[in-house]
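Engineer: Here it is, the structure in full.
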Ligand SMILES: CC(=O)N[C@H]1[C@@H](OP(=O)(O)OP(=O)(O)OC[C@H]2O[C@@H](n3ccc(=O)[nH]c3=O)[C@H](O)[C@@H]2O)O[C@H](CO)[C@@H](O)[C@@H]1O[C@H](C)C(=O)N[C@@H](C)C(=O)N[C@H](CCC(=O)O)C(=O)O
Ligand SMILES: Nc1ncnc2c1ncn2[C@@H]1O[C@H](COP(=O)(O)OP(=O)(O)OP(=O)(O)O)[C@@H](O)[C@H]1O
C-alpha cells in the first residue's frame with residue numbers, strides 16, 4: 001500500500017493548511033515502536049503516556065510525516081507535520097483514505113449494543129453466508145475473512161482504525177460481499193472515532209443497559225455514542241455506488257431506547273424492528289427454552305416458520321432475530337437463513353455447546369463476574385431436573401472481592417461446584433480457591449462432597465464429567481474463548497472447548513451427532 005501525504009491529510013484540513021512537502025506514505029502508525037520507513041506517525045496523549053514524546057523515536061525509525069495534537073510541538077517536528085484537535089480521532093479518516101475506503105466496495109454491517117454484539121455478529125455472518133455470499137467478520141472472539149478464521153488476540157473488541165481498515169481491505173481482496181463489524185461504544189465515540197470511514201450500510205442495535213459509564217460519563221452520552229453507528233449510515237451517501245445506496249436501520253423493539261436509534265438514522269434509511277414481546281416487523285412468539293435449545297415461531301415480512309436453535313439462553317432469540325432480519329432484508333430466503341442458524345452450536349466460548357454424543361449437556365461460557373454468573377445460572381437452572389454442575393475459578397491479581405460472591409452464587413444454583421485455576425498469576429492458586437470456597441460453603445455446600453477444590457483445570461473438568469449423570473448440565477465458566485491460563489507471568493496454552501472434547505473422548509464418547 002502506498003499513498004501521498006496530501007491525499008491523506010485532505011481528510012483533516014483544507015488544502016491551504018497542507019504542509020508543502022508531499023512524501024509517499026507507506027503506513028499509518030500510532031505506536032512509535034511499530035514505525036517503518038515512510039510511515040505517517042500519529043501522536044496523541046494517552047491514558048498512560050503522551051504519544052508526542054515518541055515523535056523523535058518515530059522519526060529516527062523513518063517516519064516520513066507526523067500528525068499531532070499538542071500545540072507545544074508546533075515548529076519542533078523536522079518532517080512534514082499537521083496539528084489537528086484530536087489526533088486519536090484522526091486515525092480513522094487517515095486509515096480509511098490510506099486503504100482506499102475498502103468499506104465502499106462491500107456491504108458493511110455494524111452491530112452495537114451492551115450485550116450480544118459478538119454473538120449477533122457471528123450469527124449475522126452465518127445467515128448472510130447461507131445465501132451464498134462470502135463474508136468477513138470482526139468481533140471480540142474471532143476475526144474471519146472468507147474461509148479463514150482466527151482468534152482476536154488484541155484485547156479489543158473493535159481494533160484501532162488502521163487495523164479495522166486493513167482488515168476491510170483484506171476482505172475486499174478476498175472477494176467478500178459483506179463485512180460484519182462488532183461496533184463497541186468506545187470505538188464509536190467521537191473521542192476515539194475508530195469506525196469512521198467504514199461506509200456502513202446496515203446498523204443493528206441489540207440492547208442498551210448501563211455499562212462503561214466510567215468512559216462515557218452519563219447514560220445519555222453512552223446512548224449517543226452508540227447511536228453514532230446509525231448516524232454513520234449517512235457516510236458517503238451522496239456518491240454511493242448503486243449497491244451501497246440502500247441503508248437499513250435494525251433495532252430491538254423490546255428495548256425502551258430503540259426509537260432514539262431509529263431517529264438517529266438518516267431519513268432515507270429503511271427501518272426494521274425485531275422483538276420477542278413488542279410488536280415488530282420480525283417477531284418470535286411462543287419461545288420455549290429447553291436443554292436442547294430454543295424453539296419459537298418466527299413471523300417476518302418474508303414469511304413465517306418454526307425455529308429450533310441449538311443455542312442456549314433466551315437472549316439468543318434476540319440475537320438470532322437480529323441476524324435473520326439482516327440476512328432476509330438482504331434477500332436471503334427465510335428458510336435458508338433459518339436452516340443455517342439452526343446448525344450453529346454457539347459462538348466460540350459464549351454458551352458454546354460441546355457435543356460428543358454424551359448423555360449430559362456441556363456448555364463453555366466466558367462468564368467471570370458475579371453478575372454474569374447470576375444471569376447465566378438463572379437461565380440454565382430450570383433447564384434440567386438433574387444436577388447442575390459448575391467448574392470455574394477466579395483470576396489472580398484481579399478483583400479479590402468477587403471471589404466469595406462467585407462462590408455463593410454457584411453454591412446457591414448448582415448441585416456440585418468444582419473450583420479450579422483460572423489465571424492464578426503470581427498468587428497462590430490454592431489460596432484463591434479457598435477464598436471462592438468461603439462463598440460456596442456459605443451457600444450450604446460441603447468441601448470434599450458438594451464442593452471440590454481441584455486446581456488442575458484439566459483434572460477438574462474430568463472430575464465434573466465423571467460425576468455427571470444423564471440429563472445433567474455441566475457449565476465450564478470463566479475461560480470461554482481465551483487461549484491461555486496465566487501461571488506466574490507465563491501464559492500456558494489452554495483451549496477449554498478442546499479440553500472438554502478430549503475429556504469426553506476419554507470417557508468413550510465420539511464425534512458430535514450429524515445435524
Ligand atoms: C485503556 C485504553 O483504552 N487503552 C487504549 C489506549 O491506550 P493508552 O491511551 O493507555 O495509550 P498510552 O499507553 O497512554 O500511549 C499513548 C500513545 O503513545 C503511543 N506510544 C506509547 C509508547 C511508546 O513507546 N511509543 C508510542 O508511540 C501509544 O501507541 C499510544 O498511541 O490507546 C491505545 C492505542 O490507541 C489502545 O490500543 C488502548 O486500548 C486498550 C488495548 C484497551 O484495552 N482498550 C479497551 C478499553 C477498549 O478499547 N475497549 C473497547 C470496548 C470494549 C467493550 O465494550 O467491552 C473495545 O472496542 O474493545
Ligand atoms: N441479546 C442479549 N441480551 C442480553 N444479554 C445477552 C444477549 N446476548 C448475549 N448476552 C449475554 O452477554 C454475554 C456476552 O455475549 P456477547 O459476547 O455476544 O456480547 P458482547 O456484547 O459482544 O460482549 P463482549 O464484547 O464482552 O463479548 C453472554 O454470555 C450472555 O450472558
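Engineer: Consider a paramagnetic label point 7 Å from the Cα of residue 268 along Cα→Cβ; state which residues of the range 231-254 have an amide N under 15 Å from it.
Structural biologist: In the range 231-254, the label zone of residue 268 (backbone N under 15 Å from the point 7 Å along Cα→Cβ) covers 232-249.
Engineer: I'd like the projected area of the range 101-342, averaged over all directions, using the convex hull of its alpha carbons. Report it in nm² with one decimal.
Structural biologist: Averaged projected hull area, Cα only: 12.2 nm².
Engineer: Roughly how many nanometres apart are two label points built 7 Å out from the Cα toward the Cβ at residue 400 and residue 369?
Structural biologist: Distance between the two pseudo-spin positions: 2.1 nm.
Engineer: How far is helix 496-506 tilted off the main Cα axis of the chain, in degrees rounded to 10, range 0 to 90?
Structural biologist: 30
Engineer: Now for a separate question. Give me the one-decimal nm value for the distance between modelled label points at residue 246 and residue 4, 7 Å along each residue's Cα-to-Cβ direction.
Structural biologist: Result: 3.9 nm between the two label points.
Engineer: Considering the zone a paramagnetic label at residue 379 would reach in this model (a point 7 Å from Cα along the Cα-to-Cβ line), which residues of the range 221-264 have amide N under 20 Å from it?
Structural biologist: In the range 221-264, the label zone of residue 379 (backbone N under 20 Å from the point 7 Å along Cα→Cβ) covers 251-257.
Engineer: Can you compute the helix-only [θ] at 222 nm over the chain? Use -39500 (n - 2.57) per DSSP H run of at least 4 residues, normalise by all residues, nearest 500 deg cm²/dmol.
Structural biologist: -9000 deg cm²/dmol
Engineer: Relative to the longest principal axis of the C-alpha atoms of the chain, give the angle of the C-alpha long axis of helix 315-329, reported between 0 and 90° and rounded to the nearest 10°.
Structural biologist: Compared with the principal axis, the helix lies near 50 degrees.
Engineer: Please give the FRET efficiency for residue 53 paired with residue 74, using the beta carbon to beta carbon distance and R0 = 22 Å, rounded to the nearest 0.05. Walk me through the intermediate numbers first.
Structural biologist: Values: r = 16 Å, r/R0 = 0.72.
The formula returns an efficiency of 0.90 here.
Engineer: Now a separate question. Provide the percentage of antiparallel DSSP beta bridges, counting only those with both residues in the chain; round to the nearest 5.
Structural biologist: 40
Engineer: Same structure, new question: Which log10 I(q)/I(0) values does the chain give at q = 0.08, 0.12, 0.13 Å⁻¹ under the Debye formula, counting every alpha carbon as one identical point scatterer?
Structural biologist: Debye output, listed in q order: -0.56, -1.15, -1.27.
Engineer: If you count, for each residue, the other Cβ atoms within 10 Å and average over each peptide, how do 496-508, 97-109 line up from highest to lowest?
Structural biologist: On the way: 496-508: 17.0, 97-109: 22.7.
Packing proxy ranking, top to bottom: 97-109, 496-508.
Engineer: Sticking with this one: Can you figure out the FRET efficiency of residue 459 with residue 153, using R₀ = 35 Å and their beta-carbon distance, to the nearest 0.05? Numbers along the way, then the final one.
Structural biologist: Numbers: r = 27 Å, r/R0 = 0.76.
Calculated value: 0.85.
Engineer: By how many degrees, 0 to 90 and rounded to 10, does the Cα axis of helix 87-98 deviate from the longest principal axis of the chain?
Structural biologist: Approximately 80 degrees, to the nearest 10.
Bear in mind these aren't lab numbers, they're just calculated from the coordinates by the rules spelled out. What you see is a predicted model, and the numbers here were worked out from it, not measured in a lab. Using ideal geometry, Cβ is built from the backbone for each residue, glycine included, and neighbour counts are taken over all protein chains shown.
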